[in-house]
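J.: Before anything else, here's the structure in question.
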Amino acid sequence: MVIAANFKTNLTRYQTREYIASLEKFIHDNSVRQEVFVFPTATSIYAHDGNVNVGVQNAYPTKNGAFTGEIGVDQLEEFNIKTVLIGHSERRHVLGETQELITAKYEFYKNLGYTIVYCIGEPLNIREKGMDEMMNYLRAQLIGIDMNYENLILAYEPVWAIGTGVTPTNDDIVKIHSILRNSCKRPILYGGSVKADNAKEILSLHNVDGVLVGSGALNVNDFCSMINDAENIK
Ligand code: PGA
(Lines give C-alpha, C1' and ligand atoms only; values in the text may rest on other atoms or scores of the structure.)
Protein backbone atom coordinates (compact mmCIF):
# COMPACT_ATOMS: atom_id res chain seq x y z
CA MET A 1 0.00 0.00 0.00
CA VAL A 2 0.92 3.63 -0.31
CA ILE A 3 1.14 5.62 2.90
CA ALA A 4 1.80 9.31 2.33
CA ALA A 5 2.27 12.32 4.63
CA ASN A 6 1.57 15.83 3.38
CA PHE A 7 3.15 18.33 5.79
CA LYS A 8 1.53 21.34 4.08
CA THR A 9 3.03 24.50 5.67
CA ASN A 10 4.22 22.68 8.79
CA LEU A 11 7.55 21.62 10.28
CA THR A 12 10.91 23.27 9.74
CA ARG A 13 13.87 21.93 7.81
CA TYR A 14 15.41 20.60 11.01
CA GLN A 15 12.16 18.98 12.15
CA THR A 16 11.68 17.42 8.72
CA ARG A 17 15.13 15.82 8.86
CA GLU A 18 14.45 14.44 12.33
CA TYR A 19 11.07 13.15 11.20
CA ILE A 20 12.44 11.37 8.13
CA ALA A 21 15.32 9.90 10.14
CA SER A 22 12.83 8.42 12.66
CA LEU A 23 10.72 7.12 9.82
CA GLU A 24 13.67 5.46 8.13
CA LYS A 25 14.57 3.76 11.40
CA PHE A 26 11.02 2.51 11.81
CA ILE A 27 10.90 1.18 8.24
CA HIS A 28 14.26 -0.53 8.65
CA ASP A 29 13.60 -1.99 12.10
CA ASN A 30 10.23 -3.39 11.04
CA SER A 31 11.16 -4.45 7.50
CA VAL A 32 8.24 -2.40 6.22
CA ARG A 33 7.03 -3.36 2.74
CA GLN A 34 4.69 -0.41 2.16
CA GLU A 35 5.51 2.47 -0.17
CA VAL A 36 6.06 5.47 2.11
CA PHE A 37 5.98 9.06 0.85
CA VAL A 38 6.64 12.34 2.63
CA PHE A 39 5.83 15.74 1.15
CA PRO A 40 7.65 18.42 3.19
CA THR A 41 7.58 22.17 2.53
CA ALA A 42 9.73 23.28 -0.40
CA THR A 43 12.28 24.85 1.97
CA SER A 44 12.75 21.53 3.76
CA ILE A 45 13.60 19.33 0.79
CA TYR A 46 17.05 17.80 0.60
CA ALA A 47 18.69 14.93 -1.25
CA HIS A 48 17.43 11.93 0.66
CA ASP A 49 18.69 8.44 0.10
CA GLY A 50 16.59 5.76 1.75
CA ASN A 51 13.27 3.94 1.80
CA VAL A 52 11.18 7.07 2.26
CA ASN A 53 10.19 8.71 -1.01
CA VAL A 54 10.49 12.46 -0.56
CA GLY A 55 8.35 14.56 -2.90
CA VAL A 56 7.22 18.16 -3.29
CA GLN A 57 3.76 19.54 -2.61
CA ASN A 58 3.92 21.71 -5.71
CA ALA A 59 6.14 22.57 -8.67
CA TYR A 60 5.69 24.74 -11.70
CA PRO A 61 5.70 23.16 -15.17
CA THR A 62 9.06 24.58 -16.11
CA LYS A 63 12.74 23.76 -16.01
CA ASN A 64 13.52 27.28 -14.77
CA GLY A 65 12.57 30.84 -15.69
CA ALA A 66 10.66 33.90 -14.50
CA PHE A 67 7.96 32.43 -12.23
CA THR A 68 8.33 34.28 -8.94
CA GLY A 69 7.71 32.12 -5.91
CA GLU A 70 7.70 28.85 -7.84
CA ILE A 71 10.20 26.02 -8.17
CA GLY A 72 10.94 23.98 -11.29
CA VAL A 73 12.86 20.97 -12.49
CA ASP A 74 16.32 22.51 -11.96
CA GLN A 75 15.56 22.94 -8.25
CA LEU A 76 14.02 19.48 -7.93
CA GLU A 77 16.89 17.75 -9.67
CA GLU A 78 19.38 19.37 -7.30
CA PHE A 79 17.82 17.25 -4.54
CA ASN A 80 17.00 14.25 -6.70
CA ILE A 81 13.25 14.77 -6.20
CA LYS A 82 11.19 12.66 -8.60
CA THR A 83 7.77 12.86 -6.96
CA VAL A 84 5.21 15.65 -7.05
CA LEU A 85 1.74 16.23 -5.61
CA ILE A 86 -0.61 17.80 -8.16
CA GLY A 87 -4.20 19.06 -7.82
CA HIS A 88 -4.41 19.17 -4.03
CA SER A 89 -7.63 20.88 -2.94
CA GLU A 90 -5.74 23.64 -1.13
CA ARG A 91 -3.92 24.47 -4.39
CA ARG A 92 -7.26 24.41 -6.22
CA HIS A 93 -9.44 26.25 -3.73
CA VAL A 94 -7.12 28.36 -1.57
CA LEU A 95 -4.42 29.20 -4.12
CA GLY A 96 -6.81 29.33 -7.07
CA GLU A 97 -5.17 26.84 -9.43
CA THR A 98 -7.30 26.13 -12.48
CA GLN A 99 -7.84 22.71 -14.02
CA GLU A 100 -5.94 24.04 -17.03
CA LEU A 101 -2.80 24.77 -15.00
CA ILE A 102 -3.16 21.50 -13.11
CA THR A 103 -3.41 19.56 -16.37
CA ALA A 104 -0.33 21.39 -17.72
CA LYS A 105 1.61 20.42 -14.59
CA TYR A 106 0.47 16.83 -14.92
CA GLU A 107 1.54 16.56 -18.56
CA PHE A 108 4.85 18.27 -17.90
CA TYR A 109 5.88 16.07 -14.98
CA LYS A 110 4.47 12.95 -16.61
CA ASN A 111 6.71 13.53 -19.61
CA LEU A 112 9.68 13.64 -17.23
CA GLY A 113 8.64 10.35 -15.62
CA TYR A 114 7.88 11.79 -12.19
CA THR A 115 5.70 9.88 -9.76
CA ILE A 116 2.56 12.00 -9.53
CA VAL A 117 0.12 11.89 -6.64
CA TYR A 118 -2.88 13.43 -8.35
CA CYS A 119 -5.64 14.67 -6.03
CA ILE A 120 -9.33 15.08 -6.74
CA GLY A 121 -12.25 15.83 -4.43
CA GLU A 122 -15.57 17.60 -4.20
CA PRO A 123 -16.61 20.51 -1.96
CA LEU A 124 -19.60 20.09 0.36
CA ASN A 125 -22.11 21.95 -1.84
CA ILE A 126 -21.41 19.51 -4.66
CA ARG A 127 -21.60 16.54 -2.33
CA GLU A 128 -25.03 17.68 -1.22
CA LYS A 129 -26.32 17.52 -4.78
CA GLY A 130 -26.12 13.73 -4.76
CA MET A 131 -23.98 10.99 -6.21
CA ASP A 132 -24.47 11.73 -9.93
CA GLU A 133 -23.55 15.41 -9.66
CA MET A 134 -20.65 14.53 -7.43
CA MET A 135 -19.22 11.95 -9.81
CA ASN A 136 -19.59 14.41 -12.70
CA TYR A 137 -17.59 16.93 -10.68
CA LEU A 138 -14.87 14.37 -9.94
CA ARG A 139 -14.78 13.24 -13.58
CA ALA A 140 -14.25 16.86 -14.66
CA GLN A 141 -11.10 16.88 -12.52
CA LEU A 142 -9.85 13.92 -14.55
CA ILE A 143 -10.29 15.54 -17.95
CA GLY A 144 -6.94 15.78 -19.67
CA ILE A 145 -5.31 13.54 -17.07
CA ASP A 146 -3.74 10.37 -18.46
CA MET A 147 -5.13 7.70 -16.16
CA ASN A 148 -2.94 5.04 -17.72
CA TYR A 149 0.26 6.79 -16.68
CA GLU A 150 2.44 4.15 -15.06
CA ASN A 151 3.67 6.44 -12.27
CA LEU A 152 0.28 7.84 -11.31
CA ILE A 153 -1.13 7.51 -7.81
CA LEU A 154 -4.67 8.88 -7.55
CA ALA A 155 -5.88 10.39 -4.26
CA TYR A 156 -9.57 10.91 -3.56
CA GLU A 157 -9.88 13.65 -0.94
CA PRO A 158 -13.31 15.18 -0.32
CA VAL A 159 -12.66 18.88 0.38
CA TRP A 160 -15.11 18.90 3.30
CA ALA A 161 -13.20 16.06 4.97
CA ILE A 162 -9.79 17.74 4.84
CA GLY A 163 -8.67 19.03 8.21
CA THR A 164 -12.19 18.83 9.64
CA GLY A 165 -12.16 15.56 11.56
CA VAL A 166 -15.12 14.41 9.46
CA THR A 167 -14.83 11.50 7.02
CA PRO A 168 -17.31 9.98 4.56
CA THR A 169 -18.94 6.73 5.63
CA ASN A 170 -17.03 3.57 4.79
CA ASP A 171 -19.77 2.68 2.32
CA ASP A 172 -19.33 5.97 0.51
CA ILE A 173 -15.55 5.58 0.31
CA VAL A 174 -15.97 2.08 -1.12
CA LYS A 175 -18.62 3.24 -3.59
CA ILE A 176 -16.59 6.20 -4.88
CA HIS A 177 -13.32 4.29 -5.08
CA SER A 178 -15.07 1.48 -6.97
CA ILE A 179 -16.38 3.94 -9.56
CA LEU A 180 -12.93 5.55 -9.84
CA ARG A 181 -11.42 2.09 -10.24
CA ASN A 182 -13.26 1.73 -13.56
CA SER A 183 -11.07 4.43 -15.05
CA CYS A 184 -7.95 3.99 -12.90
CA LYS A 185 -5.96 0.81 -12.55
CA ARG A 186 -3.25 2.57 -10.57
CA PRO A 187 -3.33 2.86 -6.73
CA ILE A 188 -6.21 4.94 -5.35
CA LEU A 189 -5.60 6.59 -1.97
CA TYR A 190 -8.17 8.05 0.37
CA GLY A 191 -7.37 11.37 2.09
CA GLY A 192 -9.23 13.65 4.49
CA SER A 193 -9.06 13.41 8.28
CA VAL A 194 -7.19 10.12 8.33
CA LYS A 195 -5.74 9.67 11.83
CA ALA A 196 -3.91 7.01 13.76
CA ASP A 197 -7.23 5.83 15.19
CA ASN A 198 -9.18 5.42 11.93
CA ALA A 199 -6.41 4.48 9.47
CA LYS A 200 -6.75 0.75 9.93
CA GLU A 201 -10.47 0.77 9.20
CA ILE A 202 -10.03 2.96 6.10
CA LEU A 203 -7.05 0.98 4.82
CA SER A 204 -9.09 -2.22 5.08
CA LEU A 205 -11.78 -0.96 2.68
CA HIS A 206 -12.16 -2.46 -0.76
CA ASN A 207 -10.35 -0.48 -3.48
CA VAL A 208 -8.50 1.68 -0.96
CA ASP A 209 -4.83 1.22 -1.81
CA GLY A 210 -3.44 3.63 0.75
CA VAL A 211 -3.91 6.96 2.48
CA LEU A 212 -2.76 10.55 2.07
CA VAL A 213 -2.53 12.11 5.52
CA GLY A 214 -2.15 15.75 6.55
CA SER A 215 -2.41 16.83 10.18
CA GLY A 216 -2.69 13.25 11.44
CA ALA A 217 0.82 12.57 10.13
CA LEU A 218 2.63 15.51 11.71
CA ASN A 219 3.61 13.37 14.64
CA VAL A 220 5.97 10.71 13.35
CA ASN A 221 4.81 8.08 15.84
CA ASP A 222 1.23 8.45 14.62
CA PHE A 223 2.38 8.13 11.03
CA CYS A 224 4.41 5.01 11.89
CA SER A 225 1.35 3.53 13.56
CA MET A 226 -0.59 3.97 10.28
CA ILE A 227 2.23 2.28 8.37
CA ASN A 228 2.07 -0.52 10.88
CA ASP A 229 -1.69 -0.81 10.30
CA ALA A 230 -1.04 -1.20 6.57
CA GLU A 231 1.55 -3.87 7.30
CA ASN A 232 -1.01 -5.87 9.23
CA ILE A 233 -3.73 -5.86 6.60
CA LYS A 234 -3.94 -9.01 4.54
P1 PGA B 1 -5.90 16.09 6.64
O2 PGA B 1 -5.38 16.53 5.20
O3 PGA B 1 -5.38 14.71 6.87
O4 PGA B 1 -5.32 17.10 7.60
O5 PGA B 1 -7.39 16.11 6.59
C6 PGA B 1 -5.28 15.60 4.16
C7 PGA B 1 -4.73 16.27 2.93
O8 PGA B 1 -5.01 17.45 2.71
O9 PGA B 1 -4.01 15.63 2.14
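J.: Roughly how many Å² is the accessible area per residue of the chain, as a whole number, for a 1.4 Å probe?
T.: Per-residue value: 46 Å².
J.: Over the range 2-232, what is the relative contact order in percent, taking alpha-carbon pairs closer than 8 angstrom and at least six residues apart? Before the final figure, lay out the partial values.
T.: Details: 403 pairs, mean separation 47.0, N = 231.
Dividing the mean separation by the residue count of the range 2-232 yields 20 percent.
J.: Okay, moving on. Of all accessible surface on the range 32-170 at a 1.4 Å probe, what whole percent is carbon and sulfur?
T.: Carbon and sulfur: 49 percent of the exposed surface of the range 32-170.
J.: Sticking with this structure for a sec: Ranked from the most accessible area to the least, with a 1.4 Å probe and all protein chains present, what is the order of HIS93, HIS48?
T.: HIS93, HIS48
J.: Also, I was wondering about something else. How large is log10 of I(q)/I(0) for the range 153-223 at q = 0.25, 0.26 Å⁻¹ when the intensity is taken from the Debye formula with one equal scatterer per alpha-carbon?
T.: -1.15, -1.22
J.: For the range 109-234, what class follows from the C-alpha gyration tensor (a ≥ b ≥ c being the square roots of its eigenvalues): rounded when a/c is under 1.5, otherwise prolate if a/b is larger than b/c, else oblate?
T.: Oblate shape, in that a/c is at least 1.5 and b/c is the bigger or equal ratio.
J.: Just need the Rg to Rh number for the chain, please, alpha carbons only, Kirkwood Rh.
T.: 0.94
The values are calculated or read from the model by the stated rules, or taken from the named source; none is laboratory data. Nothing here was measured: the structure is a model prediction, and the numbers come from that model. Calculation scope for accessible area: heavy atoms of the full protein, side chains included, ligands and nucleic acids excluded. Shrake-Rupley method; radii C 1.70, N 1.55, O 1.52, S 1.80 Å.
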